[in-house]
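Chemist: Just dropping this structure here.
The values are calculated or read from the model by the stated rules, or taken from the named source; none is laboratory data. Bear in mind the structure is a predicted one, so any value in this text is a computation, not a measurement. Surface accessibility is based on the protein's heavy atoms, side chains included, excluding ligands, DNA and RNA. Shrake-Rupley method; radii C 1.70, N 1.55, O 1.52, S 1.80 Å.
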Amino acid sequence: MKTPLILAIALFALLIAITLLANWHTQRQTAAYLYDNAAQIPAHKAALLLGTSPVLADGRSNLYFTHRIRAAAELYRAGKVRYIIASGDNRKHGYNEPEAMKAALVAQGIPAEKIVPDYAGIRTLDSVLRARSIFGQDSYIVVSQKFHNERAVYLARAHGIDAYGYNAADVDRYSGFKTEVREYLARVKMLLDLAVQKAPRHQGEPVRLPED
């Protein structure tokens, strides 16, 4: 009876160790490419704004969404980007992250013609890789919270994309606890996806950003 219990404990400890190592490795490899100050980040043609729902399940505003919109608008106003690729999920009827982001950005004063929706940004991996394969960007600024930017920038750079991250304000620890826990697991999955060279679920015709 003791042997199965010992094996179970050992396996659990191994999984915890792998998860913590993946988290540490991701943070360490991306620290030099993340910025909190818009004035300091290198200018690029486009920002890649990562999607999330504008509202929570209980109908309250989603602060992750609100802060990302504000951060993307800050980059544009600072002259650090000329276009914003709004990449998110659009699989369910009545649920459209890219259009919600576009509407929120326009409300912030960003010209509609400078916002390019990506309707197939189902996962972070899809958004990151489609920014190059569909929208032609070999270098860009990812906009999300720091924890999300770390994973997105790691993915991008692992695929040879010169990506930087602009960190939107985070939510308080209590509100973001579940998201933080999921993020630890997401980093392990990220490394597995890289190992098997996972590709975006959807490709499509190129959508080139205008030349200024």
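Chemist: Taking only protein heavy atoms and a 1.4 Å probe, what accessible area per residue, in Å², does the chain have with all protein chains in place?
Modeler: Per-residue value: 54 Å².
Chemist: How much mean residue ellipticity at 222 nm does the chain get from its helices, if each DSSP H run of length 4 or more adds -39500 (n - 2.57) and you divide by all residues, to the nearest 500 deg cm²/dmol?
Modeler: Result for the chain, helices only: -15000 deg cm²/dmol.
Chemist: Under 5 Å between amide hydrogens, which residues at least 5 positions from V142 or on another chain qualify, with H placed 1.01 Å from N in the peptide plane?
Modeler: L48, Y164, G165, Y166
Chemist: On a 19 Å Cα-Cα criterion, which of the cross-link pairs K45/K114; K92/K146; K80/K198 come out too long?
Modeler: Violating the 19 Å limit, Cα to Cα: K92/K146; K80/K198.
Chemist: Take the solvent-accessible surface of the protein heavy atoms, probe 1.4 Å, and return the percent of it on segment 7-85 that carbon and sulfur atoms account for. Intermediate values should be presented prior to the final figure.
Modeler: Values: 2660 of 4260 Å².
In segment 7-85, the share of accessible area belonging to carbon and sulfur is 63 percent.
Chemist: Can you tell me what the convex hull of the Cα atoms of the chain projects to on average, as an area in nm²?
Modeler: Numbers: hull surface 55.7 nm².
The orientation-averaged projected area of the Cα hull of the chain comes to 13.9 nm².
Chemist: I'd like the Karplus ³J(HN,Hα) series for segment 125-131: coefficients 6.51, -1.76, 1.60, θ = phi - 60°, whole numbers in Hz, and an x wherever there's a Gly or Pro.
Modeler: Those phi angles translate into 4, 4, 4, 4, 7, 5, 4 Hz.
Chemist: Next up: With N set to the number of residues, divide the alpha-carbon radius of gyration of segment 54-168 by 2.2 N^0.38 Å and report two decimals.
Modeler: 1.00
Chemist: Quick one: Karplus J couplings for segment 48-56, per residue in order, coefficients 6.51, -1.76, 1.60, θ = phi - 60°, nearest Hz, x for Gly and Pro?
Modeler: Once rounded to whole Hz, the list reads 9, 8, 7, x, 7, 5, x, 10, 7.
Chemist: Ignoring any ligand, DNA or RNA, what whole percent of the accessible area of segment 116-187 comes from carbon and sulfur when the probe is 1.4 angstrom?
Modeler: In segment 116-187, the share of accessible area belonging to carbon and sulfur is 54 percent.
Chemist: Given the options F65, F12, F177, state which has the largest fluctuation in a GNM of the chain using a 10 Å cut-off (strictly under) for Cα springs.
Modeler: F12
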